[in-house]
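Structure first, then comments.
The values are calculated or read from the model by the stated rules, or taken from the named source; none is laboratory data. Computed from a predicted structure; not experimentally measured. Every residue, glycine as well, gets a Cβ built from its backbone with ideal geometry; the counts of neighbours run over all protein chains shown. To get the accessible areas, we keep the full protein, side chains included, count just its heavy atoms, and leave off ligands, DNA and RNA. Shrake-Rupley method; radii C 1.70, N 1.55, O 1.52, S 1.80 Å.
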Amino acid sequence: MTKGYKMPKDFLWGGAIAAHQAEGGWQEGGKGLSIADTMRAGENGVPRIEDDKVLDGQIYPNHWGVEFYSHYKEDIKLFAEMGMTAFRTSIAWTRIYPNGDEAVPNEAGLKFYDDLFAELHKYNIEPIVTLSHFEMPLHLVKAYGGFGSRKVVDCFTKFAETCFRRYHNQVKYWMTFNEINNQTSWRDPHPLLQNSGLILGKDDNWEEKMFQAAHLEFVASAQAVQIGHAIDPGLQIGDMIAFNPIYPLTARPEDVMYCQRAMNYRYYFGDVMALGEYPAWLKKYWAKKGYDIGITPADEAIIKAGTADFVGFSYYNSAVVKYSDDNPDMDFDEAKNDTKNPYVPRSDWGWQIDPVGLRYSLNWMAARWHKPMMIVENGFGAFDKVEADGSVHDDYRIKYLADHLLQAEKAVAEDGVDLLGYCPWSAIDIVSASTGEMKKRYGFIYVDADDQGHGSWKRSRKDSFNWYKQVIASNGEDL
Ligand code: P53
């Protein structure tokens, strides 16, 4: 056992999931179709395909997730048994506004989350809620082109307002857009769809479209922050950034300079949302590329007035870049970067495992954004083996989490960063976002189901369940 540090009193010990990856019940209670409901299964190296409707004969793993919709009471009881004091999930936008643009919300959907939050409070578990976690109503994509349109800004702020009004007495911590910066590299199908609901035409410049959509999300997010505070000044409304620190491969000054530019590119999202304005370098970059982002003075005022209260972030891995002489402008192209870090191991899915990078990240963000922070995702996707007696010996997951937690604790205890809580991904096994697989497991709780959605849905405790219980009981000291 590793000796860690006791965390401050009231530190939130949580676990995280997202509605579309866990709930299932895709047609229950008047729920509409989200972009996750028409996304087929993929696997490592095989991208998920987005259909424009549900097709016969295709597998859509988000239709069942892990049936959290019908199992949540049993699951929350297990979270409480671990001692969890917080739980992060998202509100499925399509339960509240099935098409996204209705005048009136869907009462059955609202009721589901009343019950879910009440169940959490029964055990003194603090809900932490993401408003938009890769689950935009499909109708908003088809009718308006997602955040390609200002109409969707209004739909989102209305959705946010509905949730703040209904749940402000039950939910204090909110985040607007999950991993808003995870749309900065070209992949097909492009993550612009998952994040922003954009489907690109053949002649579209994806990068210009990305900057435009992200801008409208910043406006929507800042507006939501202001609306939320007007409803209840006690609400804490954060941004949510996918944080993978980028290192220079060598001490060559060009590598270091290029690395700084890569960090600026990946994390300008956090600059805008935490500091309330665009960085100067980015305006120069747009001018050089001839991009028109369509920013109005009114937008700038909204962004300035609606900065995030805290920085929520996911941390899984770190990355490395190397400058190449054929790129004298030093423009970062994430899709072209496959530089490997010789000093860190990789998971079965190729993710570079780097606990020290978490301490580095916390310090980097503290120095740049000056906000309290919350780790709202951190975890290890792995194949789990169920033994004959039903146990799962996931010592690799325990090691990953213990190593990372120790570094986060050092950042608090030795470096003085303001960290509100830790919510590992995931509280319970769920469907993977990038691959749609069930077999890429993250949870403390095993769910008996396979990639085709077959199984008993029975829940069981993995070894990591008992490990996390002891971590929480010792307030972070026994890792
Ligand atoms: P999965 C890409 C890279 C890093 C994290 O990821 C990512 C993504 C987008 O898929 O997503 C976050 O399930 C995300 C979660 C997701 C989790 O990381 O692809 O917020 O929804 O499940 C883990 O292995």
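Each residue in the range 224-260 was checked for being under 16 Å from Trp364 (Cα atoms), more than 16 Å from the ligand (Cβ to nearest atom) and either small (Gly, Ala, Ser) or surrounded by fewer than 20 Cβ atoms within 10 Å (Cβ to Cβ) (or both), and 2 of them qualify. Check whether at least one residue in the range 358-376 is buried (at least 18 other Cβ atoms within 10 Å of the Cβ), within 12 Å of the ligand (Cβ to nearest atom) and outside any helix (DSSP H, G or I), and report yes or no. The answer is yes, given that some residue of the range 358-376 is buried (at least 18 other Cβ atoms within 10 Å of the Cβ), within 12 Å of the ligand (Cβ to nearest atom) and outside any helix (DSSP H, G or I).
Scanning the range 339-353 for residues that are open to solvent by 50 Å² or more (accessible area, probe 1.4 Å) and within 20 Å of Phe243 (Cβ to Cβ), we see that the one that is farthest from the ligand (Cβ to nearest atom) is Tyr343. Within the range 443-455, none of the residues are touching a strand residue (DSSP E or B) at 6+ places or on another chain (Cβ under 7 Å), modelled with pLDDT of 95 or more and over 30 Å from Gly42 (Cα atoms). The residue that is farthest from Arg88 (Cα to Cα), among those in the range 403-442 that are away from the ligand (no atom under 16 Å from the Cβ) and open to solvent by less than 10 Å² (accessible area, probe 1.4 Å), is Ala411. For Asp333, the requirement of being farther than 29 Å from Val412 by Cβ and modelled with pLDDT under 95 is met.
Considering Ser90, Ser34, the condition of being hydroxyl-bearing (Ser, Thr, Tyr), within 19 Å of the chain's Cα centre (by Cα) and farther than 30 Å from Pro372 by Cα is satisfied by Ser34 alone.
For the range 163-184, the criterion of being under 21 Å from Asn244 (Cβ atoms) and either among the aromatic types (Phe, Trp, Tyr) or open to solvent by 30 Å² or more (accessible area, probe 1.4 Å) (or both) is satisfied by at least one residue. For the range 173-193, a residue qualifies if it is near the ligand (Cβ under 10 Å from one of its atoms) and in contact with a strand residue (DSSP E or B) (Cβ under 7 Å, 6 or more places away or on another chain), and the qualifying residues are Asn178, Glu179, Asn182. The numbered conditions (1) in contact with a Phe, Trp or Tyr (Cβ under 7 Å, 6 or more places away or on another chain); (2) surrounded by fewer than 17 Cβ atoms within 10 Å (Cβ to Cβ); (3) in a loop (DSSP other than H, G, I, E, B); (4) among the polar types (S, T, N, Q) are all true for Asn327 except (1). The residues of the range 443-473 that are crowded, with 22+ Cβ neighbours inside 10 Å and assigned to a strand (DSSP E or B), listed by number, are Ile445, Tyr446, Val447. Would it be correct to say that Lys9 is open to solvent by 20 Å² or more (accessible area, probe 1.4 Å), basic (Lys, Arg), part of a loop (DSSP other than H, G, I, E, B) and more than 16 Å from Met136 (Cβ to Cβ)? So Lys9 passes the test. With respect to the stated conditions, Ser196 fails to be among the polar types (S, T, N, Q), open to solvent by 10 Å² or more (accessible area, probe 1.4 Å) and either over 24 Å from Phe112 (Cβ atoms) or in contact with a strand residue (DSSP E or B) (Cβ under 9 Å, 6 or more places away or on another chain) (or both). Just one of (1) assigned to a helix (DSSP H, G or I); (2) within 13 Å of the ligand (Cβ to nearest atom) fails for Val66. It is (1).
Among all residues of the range 380-392, there is none that is β-branched (Val, Ile, Thr), in contact with an Asp or Glu (Cβ under 7 Å, 6 or more places away or on another chain), part of a helix (DSSP H, G or I) and away from the ligand (no atom under 14 Å from the Cβ).
Based on this model, can you work out whether Met84 counts as over 28 Å from Asp154 (Cα atoms), open to solvent by less than 10 Å² (accessible area, probe 1.4 Å) and within 20 Å of the chain's Cα centre (by Cα)? Judged against the criteria, Met84 is a match. Only one entry of Asp239, Asp203 meets the criterion of being over 18 Å from the mean Cα position of the chain (by Cα) and either modelled with pLDDT under 95 or not in a helix (DSSP H, G or I) (or both), and that entry is Asp203. Only residues that are part of a loop (DSSP other than H, G, I, E, B), within 19 Å of the chain's Cα centre (by Cα) and of a type in the set (S, T, N, Q) were counted in the range 283-324, giving 3. Of all residues in the range 40-61, none are part of a helix (DSSP H, G or I), more than 25 Å from Tyr316 (Cα to Cα) and either open to solvent by less than 40 Å² (accessible area, probe 1.4 Å) or touching a residue at least 60 places away in the same chain (Cβ under 8 Å) (or both). Restricting attention to the range 435-466, the residues that are closer than 18 Å to Lys399 by Cβ and free of Cβ contacts under 8 Å to residues at least 12 places away in the same chain total 1.
Hey, does the range 199-221 have a residue that's crowded, with 23+ Cβ neighbours inside 10 Å and within 12 Å of the ligand (Cβ to nearest atom)? Checked the range 199-221: no residue is crowded, with 23+ Cβ neighbours inside 10 Å and within 12 Å of the ligand (Cβ to nearest atom).
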